[in-house]
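Below is one structure, written out as structure tokens; comments come after it.
Readers should treat all values here as calculations from the given coordinates under stated rules, not as data from a laboratory. Since we're looking at a predicted model, the values are computed, not measured. Here the Cβ is made from the backbone with ideal geometry for all residues, glycine too, and neighbour counts use every protein chain on show.
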Amino acid sequence: MGGEAGKVDWYKLSVELHRFYGGKIETIPKVPIRRVKDFAIWYTPGVAEPSRRAGKNPDESFEYTSRWNTIAVVSDGTRVLGLGNIGPEGAYPVMEGKALIYKFLGGVDAVPLVHRARDPDKFLELLELVEPSFGGINLEDIESPKCFYILEEARKRLKIPVWHDDQQGTASVTLAGLINAVKLVGKDLRKARIVLFGAGAANIALYRLLKAYGVPPENIAVLDSKGVLHPDRDDIDRLMVRHPWKYQIAIETKGAGLRPGAGPEEALKGADIVVAASKPGPGTIKKEWVAQMAKGAIVFAEANPVPEIWPWEAKEAGAAIVATGRSDLPNQVNNSLAFPGIFRGVLDVRAKTITDEMAIAAAEEIARFAEEKGLHEDYIIPKMDEWDLYPRVAAAVAVKAVEQGLARKTTTYKEELERAKSIIDLTHKKYMLIYREGLIKPPPVDYEEG
């Protein structure tokens with residue numbers, strides 16, 4: 001299976017190895033079990049006292065159980081990766097993969113929870129029913145616009161952090177990249193003309209985050225398949241009923257000064273930044289559109305597996321900075337830079353929610369990390385294997401939760417940095433130990449060179 005990266009059939013290899021290992025995660029005890037009598041502590045009769053205390057004060061369940069470090073990765077399988085509506089069974093491998101990343105990068109125990117509750121209110125009821133088992137919820141791969149309603153309502157109803165990675169995760173990492181990209185081209189993000197190409201989960205969340213960051217709404221043009229979201233658009237009344245999130249953007253941005261019905265070519269003319277989170281390319285964004293952007297243009301083309309425009313095409317058209325969602329190209333907008341550290345931080349302070357301000361704190365810390373390493377046009381955001389990043393994100397988010405009065409425990413940046421580093425390092429040490437001891441079998445095929 002070795003050789004050039006392009007020669008590796010990752011789909012075939014993944015199927016083979018998923019079958020070989022029978023999944024990617026497992027549960028293993030974390031307490032000493034030296035003799036049968038130990039169960040008198042961990043189970044009956046001793047367990048009755050922690051249970052009694054947690055029953056009287058539910059917050060104590062975080063102290064006596066693994067709830068403090070356990071989240072659910074929840075999906076109905078209605079919009080999985082680039083695969084679409086493939087159902088909960090189809091979603092499970094992705095949710096399990098997410099759980100693996102949570103553990104390895106953040107030291108967070110994550111449980112895949114896929115289900116058949118397609119109705120949004122039944123979905124929410126499910127979250128409310130299982131809330132006592134978890135310290136947080138990661139929503140994943142849910143169709144739009146249902147995903148917006150579920151996130152908003154879940155954040156109101158649950159007293160634990162609820163996060164939709166397709167919205168907040170992508171938006172946080174994109175914001176981090178934009179913060180650094182504008183530094184390289186000498187612009188001010190809060191004064192830039194921004195086009196959000198695509199009005200799905202990622203860009204609607206990014207709009208909200210940009211607004212919270214201080215970008216005036218009228219500086220942001222948001223385009224869906226029918227053109228710019230504008231208060232005078234023909235379908236504005238239908239949007240008000242069927243998609244109130246698009247409607248709100250149309251009203252707040254006033255179409256960013258464009259005419260009703262304006263399309264991408266018109267919107268990109270003179271724009272400083274375009275962030276595309278739409279359908280895969282190539283050719284979804286045309287070179288001639290990029291050529292009409294302002295000098296020092298920034299292009300984020302985040303569709304997978306093929307970006308809306310290839311980076312070299314965008315640069316040939318005059319773009320100064322280009323980012324994509326691909327790991328084999330520079331400046332990957334990778335959600336994994338955000339969510340492991342964010343949940344490490346909110347779990348450690350027993351936060352009750354994740355706010356936009358916490359997501360911005362994470363974005364600023366991610367941007368700061370890359371800046372300290374040395375920014376250049378092919379390095380505006382960290383890479384996934386820069387392990388020192390994750391404790392820093394945890395610390396920034398934990399402190400912000402405390403500042404906002406949303407944490408059950410207090411901490412300082414330094415305290416959480418050390419705590420998060422210790423938890424994540426211990427996870428890596430445990431993993432390397434059991435792998436070296438042969439308790440995890442080596443893969444039956446060699447793909448290292450691929």
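Before moving on, here are some points about what is shown:
- A Cβ-based charge dipole, computed about the Cα centre of the chain with Lys and Arg at +1 and Asp and Glu at -1, lands at about 960 debye.
- Cα-based Kirkwood hydrodynamic radius, the chain, one decimal, Å: 23.1 Å
- Within the chain, helix-based [θ] at 222 nm, where runs of 4 or more DSSP H residues each add -39,500 (n - 2.57), nearest 500: -13500 deg cm²/dmol
- For the stretch 370-450, the dipole from Cβ point charges (+1 on Lys and Arg, -1 on Asp and Glu) about the Cα centre works out to 680 debye, to the nearest 20.
- Positive-end ranking of V215, G261, I236 along the dipole of the stretch 208-305, with charges on Cβ about the Cα centre, is headed by V215.
- When each of K187/K269; K103/K409; K146/K352; K400/K430 is checked by Cα-Cα distance, pairs over 25 Å: K400/K430
- Residue pairs exceeding 20 angstrom between C-alpha atoms, taken from K183/K246; K30/K383; K383/K421; K24/K441; K191/K286: K183/K246; K30/K383; K191/K286.
- Of G169, G82, G106, the one that fluctuates the most in a GNM where the chain has Cα springs shorter than 10 Å: G82
- Sparse-neighbourhood loop sites, GluC sites (Glu not before Pro) in the stretch 63-160 - DSSP loop, at most 13 other Cβ within 10 angstrom: none
- When the chain is described by a simple charge dipole with +1 on each Lys and Arg Cβ and -1 on each Asp and Glu Cβ, the residue from L196, L81, L426 located farthest towards its positive end is L426.
- Sparsely packed GluC sites (Glu not before Pro) within the stretch 350-441, loop by DSSP, other Cβ within 10 Å at most 11: E437
- In plain terms, the residue of H243, H230 with the fewest other Cβ atoms within 10 Å comes first and the most crowded comes last, giving H243, H230.
- Contact order normalised by residue count of the stretch 26-165, Cα under 8 Å, 6+ apart, percent: 23 percent
- Charge sum, other residues only, whose C-beta stays under 12 Å from K254's C-beta, Lys/Arg counted +1 and Asp/Glu -1: -1
- About its Cα centre, the stretch 26-165 has a charge dipole of approximately 540 debye under the convention of +1 per Lys or Arg Cβ and -1 per Asp or Glu Cβ, with nothing else charged.
- Length-normalised contact order for the chain - Cα pairs under 8 Å, 6+ apart - percent: 15 percent
- Only one residue of I150, P58, W42 has its Cα farthest out toward the positive end of the dipole of the stretch 26-165, where Lys and Arg carry +1 and Asp and Glu -1 on Cβ, and that residue is W42.
- With K and R counted +1 and D and E -1, the other residues having a Cβ less than 11 Å from that of Y213 yield a net charge of 0.
- Taking Cβ atoms as reference points and 11 Å as the exclusive limit, the residues near G270 contribute a net charge of +1, counting Lys and Arg as +1 and Asp and Glu as -1.
- Cα centroid separation, the stretch 386-450 to the stretch 280-322 (Å): 35 Å
- Shown here for the stretch 21-66: chymotrypsin sites (Phe, Trp or Tyr not before Pro) in loop regions (DSSP other than H, G, I, E, B) with at most 16 other Cβ atoms within 10 Å, namely Y43.
- Values of log10 I(q)/I(0), in the order q = 0.15, 0.20 Å⁻¹, for the stretch 26-165 under a Debye, Cα-only, solvent-free model: -0.80, -1.17
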